[in-house]
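Worksheet: one structure, shown below.
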Amino acid sequence: MIEIRIHGRGGQGNVAAAYMLATAAFEIGRYCQAFPNFGAERRGAPVTAFVRIAEQAFRRRNQVQNPAFLIIQDEALLHVPGVTDGLLEGGSILVNSGHTSEQLTEQMKVPVIALPASSLAKRILGRPVPNTALLSAFLTLTDMMPVDALEKAVNRRFKGDVADKNTQLIREAASMVPASLWKENTHAAGA
C-alpha cells in the first residue's frame, strides 16, 4: 500500500486532488481511498488530504501518519510544524514552488522536487490552482500509474474547455519533471 499526504490551503483544490488521484488509481484497477481533514472551512485555511492506493483490498481508515510521499501545494506550509512529520525513510516531497529542487532538498534534508504549479496553472487555466499539475508531476516521478489515468479522472470530473485545459496542464507538467525518478521509492513503499 502506498500512502500519500497532500497539504495545501483552502481553495487550492486539495480535496479534489485526493479524489482525482484515487479515481486515477481506480481507473487502472487499484484499490484506493481518499478523504480530507480540515478545520474552519474558509479559503486560505490549512487543509490536509489523504490517499491510499493498493493492489489488494484494505480496511485501514485512519489518517495517514507515515506517508511515503508528501505533495505540498503551498510552499509556505513547509515551515509549519508537523507538515513533514512521519515521512517514511526514503520518502520524497513534491512542492509547488518557484525555488529549485536543489535549494529545497538542501533546506529540507530529504529529496524534494519543486514545480511552479501555480504559475503553470495560471498560464493554462487562467487560475493558480496547482492540484492537477502536481498530480501529473507526481505520477510521472513515481511511475505509479500512467498519466493518462489522471487524464481520464479529470475528464470524469470536468467537461468541455475545463477538461481540455486540465489535460493540457497535465501533459505540460509531466514534461517538467524527471520520469520515474521516484520509481524505486514507490516499490520500496509497497506499490
Phi angles of the range 76-87, converted by Karplus (6.51 cos²θ - 1.76 cosθ + 1.60, θ = phi - 60°) into ³J(HN,Hα) in whole Hz with x for Gly and Pro, give 4, 5, 4, 9, 8, x, x, 4, 9, 4, x, 4
Residues meeting the amide H criterion for I113 (H placed from the backbone, H to H distance under 5 Å, 5 or more places apart or on another chain) are I93, L94, V95
Karplus ³J(HN,Hα) for the range 150-164 (6.51 cos²θ - 1.76 cosθ + 1.60, θ = phi - 60°; Hz, whole; x = Gly/Pro) runs 5, 4, 5, 4, 5, 6, 6, 8, 10, 10, x, 4, 5, 5, 4
Amide H proximity to D74 below 5 Å, modelled H, separation 5+ or other chain, gives N96
Among (1) 40, 36, 36; (2) 49, 34, 33; (3) 47, 34, 26, the entry matching Cα extents along the principal axes in Å as calculated here is (1)
The extension gain from Q63 to H99, computed as 0.36 nm times the residue separation minus the Cα-Cα distance, is 10.0 nm
Here the net charge surrounding E172, from other residues whose Cβ is less than 11 Å away from its Cβ (Lys, Arg +1; Asp, Glu -1), is +3
Sorted by chain and then number, the residues having a modelled amide H within less than 5 Å of the amide H of G10, at least 5 places away or on another chain, are G44, A45, V47
Between the alpha carbon centres of the range 155-169 and the range 99-115 the gap in Å comes to 30 Å
Here the range 43-59 yields Karplus 3J(HN,Hα) values (6.51, -1.76, 1.60; θ = phi - 60°; whole Hz; Gly and Pro given as x) of 4, x, 6, x, 9, 10, 10, 10, 9, 10, 9, 8, 7, 10, 4, 9, 10
Of L115, L88, L134, the most mobile residue in a GNM of the chain (C-alpha springs, cutoff 10 Å) is L88
Dividing the helical contributions, -39500 (n - 2.57) per DSSP H run of n ≥ 4, by the residues of the chain yields a 222 nm value, nearest 500 deg cm²/dmol, of -12000 deg cm²/dmol
The FRET efficiency for H79 and R123, from their Cβ-Cβ distance with R0 = 25 Å and rounded to 0.05, is 0.40
Taking max minus min of the Cα coordinates of the range 15-122 on each principal axis, largest first, gives extents in Å of 39, 34, 27
Which of E75, E106, E55 fluctuates most in a GNM of the chain (C-alpha springs under 10 Å)? That residue is E106
Ignoring trypsin sites (Lys or Arg not before Pro) buried by more than 16 other Cβ within 10 Å or outside DSSP loops, the longest site-free run in the chain is 110-158
Expected unfolding gain across A45-S180 under the 0.36 nm per residue rule, minus the alpha-carbon gap, is 45.3 nm
If one builds a Gaussian network model of the chain from Cα atoms under 10 Å apart, the most fluctuating residue listed among V80, V64, V162 is V80
A chain fully extended from D148 to F38 at 0.36 nm per residue, minus the present Cα-Cα distance, gains in nm 36.6 nm
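Values quoted throughout were computed directly from the atomic coordinates according to the rules given, and no laboratory measurement underlies them. This structure is a prediction, so every number in the text was calculated from the model and none was measured. Using ideal geometry, Cβ is built from the backbone for each residue, glycine included, and neighbour counts are taken over all protein chains shown.
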